[in-house]
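Working notes, structure below.
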Amino acid sequence: MSKPVFNYLQPHYYEDRAILIELLEMRFGLTPALFESNVCILAIANGGLILANDLRRRFNCDMEIIAIKSYNDANEKHDIECKYAPNLNIFDKKHIIVVDDIIDSGKTLLFVLDYLNDKRHHYDGDHSIEFLSITAVTLVSKIDVKFGLDSGIITPYYARVIEDQWIHFFWEESAKYCPTSQPISYHIEKILQSIEGESFEREGLKDTPFRVEKMYKELFSGYSKQPNTILKRTFKADYDEMIIEKDIDFYSHCEHHMVPFFGKVHIGYIPNGEVVGLSKLARLVQMYAHRLQIQERLTEQIHSAIVENLKPKGCIVVIEAQHLCMCMRGVKSINAKTTTSALSGVFKDVKTRDSARAEFMRLIS
């Protein structure tokens, strides 16, 4: 069965609701008669749910919407009346319309269609119900979908776009940048589906998107904290010698490849009448490390926070780190380490820097 292709649907951003609804109407063979009776819409994820609701309103019908993966969003965020797929027997309907916004790898849509195809002879007690039609409607496809289902009742429709194009729809929060309306787990699932040769459905990967989301929330928790809250509690101290906290372990993520770099931070400062609790310096390191970083900026941020909040006579920060973006990819230099430093006050003054730096290096060695 041939599948219509609408090559004019090319822009990066799909913000015109009228165009999308037009695509979901007569161009896809969806007529008011199809919605008169015994029809339900199976909505895949957030985008499919919103488009399904638009279909229901466009044809002014009481058609049931069954949500897959997006039930909480439907009720709480979008206020869409629907039912959740695992809790509903949909096989008393003669016509099923499967709606999704975009095909990335095609695995989700294929899984749903294959499931429906297997169930089209559904036995309920003493009688069976056979679907008269299954219509799959997808606005945008990034791949040439091969449905390969042995069934003449399945009619897939989709629009083609350039494969490497980022698609943004009107219901997503930002029309300028990558969508933020979906949780991290949603995007991790898409990444897993795009790995050639991997099977997202296998047992070991089923909960991986949720595990990664939980991990990312911890690894990038530094954005919710500020240095002045960590260093606000200080203590008066009649002490003017060097204070050093060395070998502070840290793990951060390189912003270029999002792989870890890790190592040790050494901090030294000469107080100017006030000191801070030693644990606060380690907390300061962790706050900045739990962001996407480069080592140079991480070093300077730690140094600047101490100078601005404690106003010491001098401050020095040295970081030694190993970067997995150099070890596991690219040049693959597994023993390379990078050292960065930031200095101020007596550690930089031409009259005192040599002796101050020498003392610091001696104490951390």
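The values are calculated or read from the model by the stated rules, or taken from the named source; none is laboratory data. None of these values were measured; they are calculated from a predicted model. Heads up, the Cβs are rebuilt from the backbone with ideal geometry, glycines too, and the neighbour counts pull from every protein chain shown.
What the table shows:
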| quantity | calculated |
| --- | --- |
| Leading residue by the ranking (surrounded by the most Cβ atoms within 10 Å (Cβ to Cβ)) among those in the stretch 260-273 that are in a loop (DSSP other than H, G, I, E, B) and in contact (Cβ under 8 Å) with a residue 40 or more places away in the chain | P271 |
| Hits in the stretch 304-315 - residues which are touching a Ser or Thr at 6+ places or on another chain (Cβ under 7 Å) and under 23 Å from S365 (Cα atoms) | G314, C315 |
| Meets criteria (surrounded by fewer than 20 Cβ atoms within 10 Å (Cβ to Cβ) and in contact with a Leu (Cβ under 6 Å, 6 or more places away or on another chain)) for N335 | no |
| Qualifying residue in the stretch 340-347 (condition: over 32 Å from the mean Cα position of the chain (by Cα), within 28 Å of P260 (Cβ to Cβ) and of a type in the set (S, T, Y)) | yes |
| The stretch 322-351, residues that are of a type in the set (A, V, I, L, M) and under 28 Å from K232 (Cα atoms) | A342, L343, V346 |
| Helices (runs of 4 or more DSSP H) (entirely within the stretch 148-259) containing at least 1 residues that are among the hydrophobic types (A, V, I, L, M, F, W, C), out of contact with any Lys or Arg (no Cβ under 6 Å at 6 or more places or on another chain) and at pLDDT 85 or above | 184-194, 208-219 |
| Criterion violated by I316 - all others in (1) under 26 Å from N228 (Cβ atoms); (2) hydrophobic (A, V, I, L, M, F, W, C); (3) within 28 Å of the chain's Cα centre (by Cα) satisfied | (3) |
| Answer residue from the stretch 348-365, given it is among the hydrophobic types (A, V, I, L, M, F, W, C) and free of Cβ contacts under 8 Å to residues at least 24 places away in the same chain and is farthest from V259 (Cα to Cα) among those | V350 |
| Any hit, the stretch 209-216, residues being loosely packed, with under 15 Cβ neighbours inside 10 Å and among the hydroxyl-bearing types (S, T, Y) | no |
| Where a residue in the stretch 315-328 is free of Cβ contacts under 8 Å to residues at least 12 places away in the same chain and its partner, wherever it lies, is surrounded by fewer than 20 Cβ atoms within 10 Å (Cβ to Cβ) and among the small types (G, A, S), with Cβ under 9 Å and at least six apart | M326/S333; M326/A336; C327/S333; C327/A336 |
| Some residue of the stretch 310-324 being within 16 Å of G222 (Cα to Cα) and of a type in the set (A, V, I, L, M, F, W, C) | no |
| In the stretch 282-294, the residues that are touching a strand residue (DSSP E or B) at 6+ places or on another chain (Cβ under 6 Å) and surrounded by fewer than 22 Cβ atoms within 10 Å (Cβ to Cβ) | A282, L292, Q293 |
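Quick grid of which residues meet (1) hydrophobic (A, V, I, L, M, F, W, C); (2) touching a strand residue (DSSP E or B) at 6+ places or on another chain (Cβ under 8 Å):
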| position | (1), (2) |
| --- | --- |
| E296 | no, yes |
| K313 | no, yes |
| I316 | yes, yes |
| E320 | no, yes |
| L343 | yes, yes |
| V350 | yes, no |
| R353 | no, yes |
